[in-house]
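Enquirer: If you scroll down you'll find the structure; I have some questions about it.
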Amino acid sequence: MGNPNNDDYLSEEQAHALWRRAAQLQAEAADRKEAKLRLLAGPGDQGEAAIHVTDVETAGIEAGIAPEFIRLARAETMAHGSKPMSPRWERFTDRFLGNTRRTIEISRTFDVPPRHVLDTMGRVFPANPYYLNVIETLGDPASGGVMVFDITRRSEASTSFSWDMLLSDIKQILVTLQPAEDRADATDVVVVASLNYSRRLNLGVGGVFAGFAGFAGASAGTAVGMGILGLGALAALPAVVGAVGGATLLAAGYRPMYRWGIGRGQRALEGLLRAVDLRLRTGGLMPGVHAPDEPG
């Protein structure tokens, strides 16, 4: 135990008072920052306040958020089909799909500086079998910036990669490069694909099929109740059981199909970064050779 007369020690009551005051000071600082952002805000669409993206980035950095993550979050909001659902619908979708995953994220470290990786990506991404087109950049692409790539859907670009993207319902990917934390001559690359569009689409498609399955089950249940039981009111019981059972069985069968499609997308993006690595190691001397799948 410390000396109670020493200024380095506080009583329990003093400690609680200090914590309360510290929390109050933090809340007041947050209020001042919010007030400052309101002053910076200009008129937005439909009367909503609009804050310039520079001020948003500055406020985020002041709050301790790394700028590369702010840019990545901004790029996600710009990506096709990335608009999130309401929390209620998100929870419903989680239950229906049996999956809470919101993104596919692939990372890899390359043993060369970022500019070399960026140059190699410029050769690999637009070429067969990927046909990726950059449509937007935020920040310096070689230093934590974000590049947004469209997935090509043209018939001449119908490759295994494009089919895997189609099966996982991925329309765009976000790519960031930055120097590795522990090595100045190495590069960390992260590829992110939002699953918001995929989740909404599969909830809609799966919901329609579940509805048909429920209707079929209800019809069969009603027939059983009327024909076998011969009881008017009790005929509703098999109908309810059939409806719920049909919809539940279809949802249960839909879940592994959804996971399979997302898995195909993840493996395709892993293969994309392996192709960049292979190009770096071979210098492009064997352009017809594609990176094999890694074990495991």
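Enquirer: Kindly indicate whether T120 is modelled with pLDDT of 85 or more and assigned to a loop (DSSP other than H, G, I, E, B).
Expert: no
Enquirer: Which of the residues that make up region 124-137 are in a loop (DSSP other than H, G, I, E, B) and buried (at least 19 other Cβ atoms within 10 Å of the Cβ)?
Expert: Across region 124-137, the qualifying residues are F125, Y130, Y131.
Enquirer: List pairs: first in region 71-82 and crowded, with 16+ Cβ neighbours inside 10 Å, second modelled with pLDDT under 65, Cβ under 7 Å, 6+ apart or cross-chain?
Expert: From region 71-82, the pairs are E76/S82.
Enquirer: Within region 170-188, can you find the residues that are surrounded by fewer than 21 Cβ atoms within 10 Å (Cβ to Cβ) and either in contact with a Phe, Trp or Tyr (Cβ under 9 Å, 6 or more places away or on another chain) or among the basic types (K, R) (or both)?
Expert: K171, A180, R183, A186, D188
Enquirer: Six or more apart or on different chains, Cβ atoms under 6 Å: show the pairs whose first residue is in region 92-108 and in contact (Cβ under 8 Å) with a residue 24 or more places away in the chain and whose second is among the acidic types (D, E).
Expert: Hits for this filter: I106/E270.
The values are calculated or read from the model by the stated rules, or taken from the named source; none is laboratory data. Everything numeric in this text was worked out from a predicted model, so none of it was measured. Cβ coordinates were reconstructed from backbone atoms using ideal geometry, including for glycine residues, and neighbour counts include every protein chain displayed.
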